[in-house]
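Asks: Dropping the structure in here first, questions after.
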Amino acid sequence: MARILLTGFEPFGGEEVNPSATVARKAAEELANRGYGARAAVLPVSFKRAGSELVGLLDENRPVLAVSLGLHGGASHLRLERVAVNIKDAPKPDNDGWQPVDEPIDPEGPAAYFSTLPLRKILERLRGEGIPAAISYSAELFSATSQCTPSYATPT
């Protein structure tokens, strides 16, 4: 059973590939090669389906660490998201054609969720490896160039 779960997203906006899925797969493979139980999964770019599929993956795998990856089109660096906003608001439809406006993802949840990962340590390590990275304080919302994703990771 996978102890680390990495998720990315399917292509959207007419693209053939979504790098978030590619990175999730490659990272899971690398972790497995290093002896860690890791699994990658690709989530739909769908406000109605992505959440339930992620919950199903978490229930099935019971990971000690879950990392959700998303695409921020045009970014020149890796963004470590500190905050995921609890809202569905899209200026264009998702892959299912749905375009929510100002709807909470979880009506019973807080306004935002904060990462529980040691982001400063991760940032230092990435930069030490020559990987351009920064801490971001908003994963933003699904748009023409980005996806709404719970971009935080949390031990479960």
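Asks: Which residues, counting only those in segment 98-156, are touching a Pro at 6+ places or on another chain (Cβ under 6 Å) and modelled with pLDDT of 90 or more?
Replies: GLN99
Asks: Select from segment 82-98 the residues that are touching an Asp or Glu at 6+ places or on another chain (Cβ under 9 Å) and of a type outside the set (Val, Ile, Thr) and list them in ascending order.
Replies: ASN86, LYS88, ASP89, ASN95
Here is a yes/no grid of residues against (1) in contact with a Ser or Thr (Cβ under 7 Å, 6 or more places away or on another chain); (2) under 22 Å from LEU117 (Cα atoms); (3) of a type in the set (A, V, I, L, M, F, W, C):
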residue: ILE4; (1), (2), (3): no, yes, yes
residue: PHE9; (1), (2), (3): yes, yes, yes
residue: GLY14; (1), (2), (3): no, no, no
residue: VAL17; (1), (2), (3): no, no, yes
residue: ARG25; (1), (2), (3): no, yes, no
residue: ALA32; (1), (2), (3): no, yes, yes
residue: ALA38; (1), (2), (3): no, yes, yes
residue: PHE47; (1), (2), (3): no, no, yes
residue: GLU53; (1), (2), (3): no, no, no
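Asks: Right, next: Could you name every one of the strands (runs of 3 or more DSSP E) located completely within segment 23-117 that has at least 2 residues being touching a helix residue (DSSP H, G or I) at 6+ places or on another chain (Cβ under 6 Å)?
Replies: Because the criterion is at least 2 residues that are touching a helix residue (DSSP H, G or I) at 6+ places or on another chain (Cβ under 6 Å), the strands (runs of 3 or more DSSP E) in segment 23-117 that meet it are 38-43.
Asks: Let me ask something else about it. Name the single residue, out of those in segment 49-69 being of a type in the set (Gly, Ala, Ser) and touching a strand residue (DSSP E or B) at 6+ places or on another chain (Cβ under 6 Å), that is nearest to SER20 (Cα to Cα). It would help to see each step written out before you state the result.
Replies: Initially, segment 49-69 is screened for residues of a type in the set (Gly, Ala, Ser), giving 50-52, 56, 66, 68.
Imposing the further condition that a residue be touching a strand residue (DSSP E or B) at 6+ places or on another chain (Cβ under 6 Å) reduces the set to 50, 66, 68.
Working: ALA50: 14, ALA66: 14, SER68: 9 Å.
Applying the filter and picking the extreme gives SER68.
Asks: Under the condition of being among the acidic types (Asp, Glu) and within 18 Å of GLY73 (Cβ to Cβ), which residue from segment 10-52 is nearest to the chain's Cα centre (by Cα)?
Replies: Here the residue is GLU10.
Asks: How about segment 95-132: which of its residues are over 19 Å from LEU80 (Cα atoms) and of a type in the set (Phe, Trp, Tyr)?
Replies: Within segment 95-132, just TRP98 meets the criteria.
Asks: Can you tell me how many residues in segment 71-127 are loosely packed, with under 14 Cβ neighbours inside 10 Å, in contact with a Ser or Thr (Cβ under 8 Å, 6 or more places away or on another chain) and either small (Gly, Ala, Ser) or closer than 23 Å to PRO19 by Cα (or both)?
Replies: Final tally of qualifying residues: 6.
Asks: Right, another one. Taking THR7, is it within 12 Å of the chain's Cα centre (by Cα), of a type in the set (S, T, N, Q) and under 24 Å from LEU123 (Cβ atoms)? Please lay out each step first, then the result.
Replies: Numbers: within 12 Å of the chain's Cα centre (by Cα): yes; of a type in the set (S, T, N, Q): yes; under 24 Å from LEU123 (Cβ atoms): yes.
Yes; evaluated as a whole, the condition is true for this residue.
Asks: Please go through segment 5-22 and give me each residue that is surrounded by fewer than 22 Cβ atoms within 10 Å (Cβ to Cβ), of a type in the set (A, V, I, L, M, F, W, C) and not in a loop (DSSP other than H, G, I, E, B), ordered by number.
Replies: Selection gives ALA21 alone.
Asks: Okay, moving on. For segment 23-60, which residues satisfy the criterion of being of a type in the set (D, E, K, R), more than 26 Å from ILE87 (Cα to Cα) and loosely packed, with under 15 Cβ neighbours inside 10 Å?
Replies: LYS26, GLU29, GLU30, ARG34
The values are calculated or read from the model by the stated rules, or taken from the named source; none is laboratory data. Note that the structure is a prediction, hence the values are computed from the model and not measured. As a convention, Cβ positions derive from the backbone with ideal geometry for all residues, glycine included, and neighbour counts pool all protein chains shown.
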